[in-house]
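Data block below; observations after.
Where a number appears in this text, it was derived from the coordinates with a stated rule and is not lab data. Because the structure is predicted, anything quoted here is derived from the model rather than measured. Quick reminder, even Gly has a Cβ in these numbers, built from the backbone with ideal geometry, and neighbours come from all protein chains shown.
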Amino acid sequence: MVTKSVDLRSDTVTKPTEAMRAAMATAEVDDDVLGADPTAARLESEVAKIMGKEAGLFVASGTMGNLISVLVHCDIRGSEVILGDNCHIHIYENGGISTIGGVHPRPVKNNDDGTMDIGLIEAAIRDPRGEIVYPTTRLICLENSHANTGGRCLSAEYTDKVGELAKKHGLKLHIDGARIFNASVALGVPVNRLVQAADSVSVCLSKGLGAPVGSVIVGSKSFISKARRLRKTLGGGMRQLGFICAAAFVALKENVAKLEGDHKKAKVLAENHFYQLDYPAYILHVTVFHQIFFDIVEGSKITAEKLYKKLEEHGVLVMLEGPLRMRIVLHHQISSSDVLYTLSCFQVINLVPVPNPADTD
Ligand SMILES: Cc1ncc(COP(=O)(O)O)c(C=O)c1O
């Protein structure tokens, strides 16, 4: 019988801490659609300040944050956005920018490090002289960290270059910063510096930071006032919003500092142990970050699904990403002993050497 459970499916599975629950219980609230909720306003202005932008707006999710941001920047019919072919907005957001916003996506190849070649971005910008047939390019989107490449982080210098290109062509730059704090910690660069070149950023509080709900989008005051209106259009105007913002505020204050530990534990799992494997599985992407993509060699005796099931029997939950791929994500509710337990399960399934407890301290 399984007595322990280690949930490594995602950094979105965290439960609200006692401090978050206490903050929710005592939050000062009012009607946020009337613009009167003090706790929501405090969270929004704090996130905006941290990100170095004028204003912020709480939204229900990262998907809503990206959708609203793209729609504010592309508010004229026939707009086109340049974005990575492997980015979250393009792959996992139901094509909302097109189906809801009427915005045309122009995907550019994402490299293995999450970037798009600057030359390819520039080549994808439509020539205004062809406006009789072309959509009009208005926006470039980046994702930092880049989830589908295993959490690769974009440098401030790269982002600046994309920002310069956007300016040169009169375009806006949006960053899907669902895990921008992870990127900041991994790169050792302040978060406001990472997004300096961006006109808007969507920051998730319910991922690595562990808040139960929500994201904040940041940008100029005029961007946020348009975004506020669009949020209402999409049914995202919330009344006593301060309850969930209070928990998110605790996440912001308490959990940024824990990200480094998550990254370290991911390293322990990936580099010290899994990485040494050559049979019957191997890691394709080892990241300096908090998630690990684990690819099973084609033709191996074990499939990702079998391995997933065996781990589940031991109470270790991971995410199946395809027939040959699993994803493991660390977060602040995974302890060093959980990491050791996970390694011991891999060992029982006969996949990794015995871990050295000192490695996880
Ligand atoms: C990079 C990235 N952007 C956006 C999102 C969407 O966030 P949500 O699930 O809150 O809609 C995710 C979700 O995992 C993500 O990984």
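Net charge in the neighbourhood of Phe249 (other residues with Cβ under 12 Å of its Cβ; Lys, Arg +1, Asp, Glu -1) is -2. In this structure, the pairs whose alpha-carbon distance is over 22 Å, taken from Lys161/Lys265; Lys49/Lys232; Lys265/Lys306; Lys49/Lys265; Lys53/Lys253; Lys4/Lys306, are Lys161/Lys265; Lys49/Lys232; Lys265/Lys306; Lys49/Lys265. Overall, the anisotropy analysis places the chain in the oblate class: the square-rooted eigenvalues a ≥ b ≥ c of its C-alpha gyration tensor yield a/c not less than 1.5, with a/b not exceeding b/c. When you filter the GluC sites (Glu not before Pro) in segment 116-145 for DSSP loop state and at most 14 other Cβ atoms inside 10 Å of their Cβ, you are left with Glu131.
Mean residue ellipticity, 222 nm, helices only, the chain: the sum of -39500 (n - 2.57) across DSSP H runs of n ≥ 4, divided by residue count and rounded to 500, is -11000 deg cm²/dmol. Post the alpha-carbon centroid distance, segment 180-209 to segment 244-263, in whole angstrom. Value for the Cα centre distance between the two parts: 13 Å.
For the peptides 199-212, 217-230, the ranking by packing is 199-212, 217-230, with the highest mean count of neighbouring Cβ atoms within 10 Å listed first.
Per q in 0.10, 0.16, 0.19 1/Å, what log10 I(q)/I(0) does a Debye calculation on the alpha-carbon atoms of segment 42-120 return? Reported log10 I(q)/I(0), two decimals: -0.29, -0.72, -0.92. In segment 106-146, the inverse of the mean reciprocal separation of distinct Cα atoms equals 11.5 Å; this is its Kirkwood hydrodynamic radius.
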